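The values are calculated or read from the model by the stated rules, or taken from the named source; none is laboratory data. As the structure is a computational prediction, the values presented were derived from the model and not from experiment. Cβ sites come from the backbone with ideal geometry, for glycine too, and all protein chains shown count toward neighbours. These area figures cover heavy atoms from the full protein model, side chains too; ligands, DNA and RNA do not enter into them. Shrake-Rupley method; radii C 1.70, N 1.55, O 1.52, S 1.80 Å.
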Amino acid sequence: MRSFQNLLLLQNLYRLKAVGYDYIDPIVINHRDEQTLPSQLGPLHSMISQCHLCDLSKSRRQPMSGQGNPKADVMFIDAYVSLAEDESGEYYVGRSGGSLKKMIENVLEMPYEETYITHAVKCKPLGSNRPSASEWNSCKSYLFKQIELVAPQIIVPLGPEAYRLVCNDEGNFDQVRGQKIEFGRATIIPIYHPTFLLRNPSLRQTTFNDLQIIKSAL
């Protein structure tokens with residue numbers, strides 16, 4: 001039904017353009033209002049698993065809705081689903097997953113299962129591309145509804161891409177990493193992505209210090 005409505009809208013716009021109308025305001029058609037989304041995580045996850053709002057639904061193996069404690073104090077947000085996650089259906093597989101788990105359990109001193117982990121964009125982007133503005137627009141209401149329902153104390157964007165999407169900030173990530181940023185009733189504290197740390201082990205101490213800031217804020 002959504003695709004049919006979009007087709008009718010586009011046909012009407014082409015007719016208007018043919019008779020001389022110009023368009024000034026952007027028209028967003030792949031979007032769900034947060035107020036119309038389910039008020040529980042289970043039904044919301046089911047909706048995400050059946051989402052076809054953007055073209056990523058055609059190339060993904062599966063969407064990744066989120067996992068963990070539905071009332072977690074700490075929510076980790078990655079930018080988008082990796083190839084390994086898309087193929088396995090599991091969150092943070094391989095060395096990066098082991099690294100994140102160690103950070104949570106050894107530094108934050110909390111069980112991995114007590115956190116909540118999700119992605120800003122719920123599907124794997126095409127190739128190695130960053131998600132387009134349209135793809136992010138299709139997913140962002142899901143993410144902000146998850147934040148509302150989980151109601152974490154601390155939100156941890158993993159890397160600059162996740163921070164950019166969550167905070168709508170194109171600024172220098174190194175200037176905000178490890179800083180406390182008010183975000184409604186929660187506090188955002190961005191850290192380096194586990195995969196980035198594997199390639200840059202000299203920054204592990206920096207991330208250890210950032211995790212200590214997260215721990216002290218709980």
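A few comments on the model shown:
- The residue of segment 170-196 that is farthest from residue 148 (Cα to Cα), among those that are in contact (Cβ under 8 Å) with a residue 40 or more places away in the chain and either touching a helix residue (DSSP H, G or I) at 6+ places or on another chain (Cβ under 6 Å) or among the hydroxyl-bearing types (Ser, Thr, Tyr) (or both), is 195.
- Those residues of segment 175-189 which are part of a helix (DSSP H, G or I) and either touching a Ser or Thr at 6+ places or on another chain (Cβ under 8 Å) or surrounded by 12 or more Cβ atoms within 10 Å (Cβ to Cβ) (or both), in sequence order: 176
- Meets criteria (in contact (Cβ under 8 Å) with a residue 24 or more places away in the chain, assigned to a loop (DSSP other than H, G, I, E, B) and either among the basic types (Lys, Arg) or open to solvent by 10 Å² or more (accessible area, probe 1.4 Å) (or both)) for residue 145: no
- Residues (part of a loop (DSSP other than H, G, I, E, B) and surrounded by fewer than 16 Cβ atoms within 10 Å (Cβ to Cβ)) located in segment 89-139: 89, 90, 93, 109, 111, 126, 127, 128, 129, 130, 132
- Residue 52 vs. criteria on the phi < 0 side of the Ramachandran plot and part of a loop (DSSP other than H, G, I, E, B): yes
- Failed item, numbered, when residue 192 is tested on (1) open to solvent by 40 Å² or more (accessible area, probe 1.4 Å); (2) modelled with pLDDT of 95 or more: (1)
- Enumeration of residues in segment 148-166 that are part of a helix (DSSP H, G or I) and farther than 19 Å from residue 207 by Cβ: 148, 149, 150, 165
- The residue that is nearest to residue 104 (Cα to Cα), counting only those in segment 47-69 that are more than 16 Å from the chain's Cα centre (by Cα) and open to solvent by 60 Å² or more (accessible area, probe 1.4 Å), is 61.
For every residue, the table says whether it meets (1) farther than 14 Å from residue 155 by Cα; (2) modelled with pLDDT of 85 or more.
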| site | (1), (2) |
| --- | --- |
| 73 | no, yes |
| 80 | yes, yes |
| 90 | yes, no |
| 98 | yes, yes |
| 103 | yes, yes |
| 122 | yes, yes |
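- Among the residues of segment 55-71, those identified as at pLDDT below 95 and assigned to a loop (DSSP other than H, G, I, E, B) are 55, 60, 61, 62, 63, 64, 65, 66.
- Among the residues listed as 204, 185, 199, 177, the single one being under 15 Å from residue 104 (Cα atoms) and of a type in the set (D, E, K, R): 204
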